[in-house]
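These notes are about the structure you will find just below.
No lab work stands behind these numbers, since they all come straight from the coordinates. Treat the numbers as computed from the prediction; the structure is a model and nothing was measured. A quick note on method: Cβ atoms are made from the backbone with ideal geometry, for glycine too, and the neighbour counts reach across all protein chains shown.
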């Protein structure tokens with residue numbers, strides 16, 4: 001199930017907050033990773049999996065040509081591909097990812 005962002009979820013990071021209304025950075029990272037993996041594969045990612053049996057399909061932030069080098073910081077994560085060229089439910093979030 002995907003969690004879509006809503007306008008009422010936006011907060012100013014410099015607003016005061018009650019101490020019991022905060023969470024740890026680790027829990028925030030875990031929530032972010034869970035949210036990213038909940039988005040599910042795109043049709044293009046599903047199609048691309050057929051070209052990479054027993055491999056991986058990368059989710060990349062931005063548009064790059066085939067001859068461009070891609071920095072690890074723009075790789076959002078990676079889908080595992082089974083032996084039949086189908087995506088599994090395993091999505092690994094790239095901890096080095098930095099949103100553009």
Suppose a student asked you for the relative contact order of the chain, using Cα pairs under 8 Å spaced at least 6 residues apart; what percent would you report? 24 percent
Once fully extended, how much extra length lies between residue 8 and residue 67, figured as 0.36 nm per residue of separation less the alpha-carbon to alpha-carbon distance? 17.1 nm
Just to confirm the number: angle between the C-alpha axis of helix 25-38 and the first principal axis of the chain, 0 to 90 degrees, nearest 10? 40 degrees
In which sequence would 42, 24 go, from the one with the fewest C-beta neighbours within 10 Å to the one with the most? 24, 42
In nanometres, the difference between 0.36 nm per residue of separation and the alpha-carbon distance of residue 47 and residue 82 is 11.3 nm
For the chain, set up a GNM with springs between Cα atoms under 10 Å and report which of 37, 83, 65 has the largest fluctuation. 65
So which residue, out of 76, 19, 46, gets the largest mean-square fluctuation from a GNM of the chain using Cα contacts under 10 Å as springs? 19
Which residue fluctuates most in the GNM of the chain (Cα springs below 10 Å): 30, 66, 15? 15
Once you have the Cα-Cα distance between residue 27 and residue 100, take 0.36 nm times their residue separation minus that, and quote the gain in nm to one decimal. 24.0 nm
When each pair of different Cα atoms in the chain is counted once in the 1/r mean, what is the Kirkwood radius in angstroms, to one decimal? 15.7 Å
For the range 70-100 versus the range 1-69, the gap between their alpha-carbon centres in whole angstrom: 10 Å
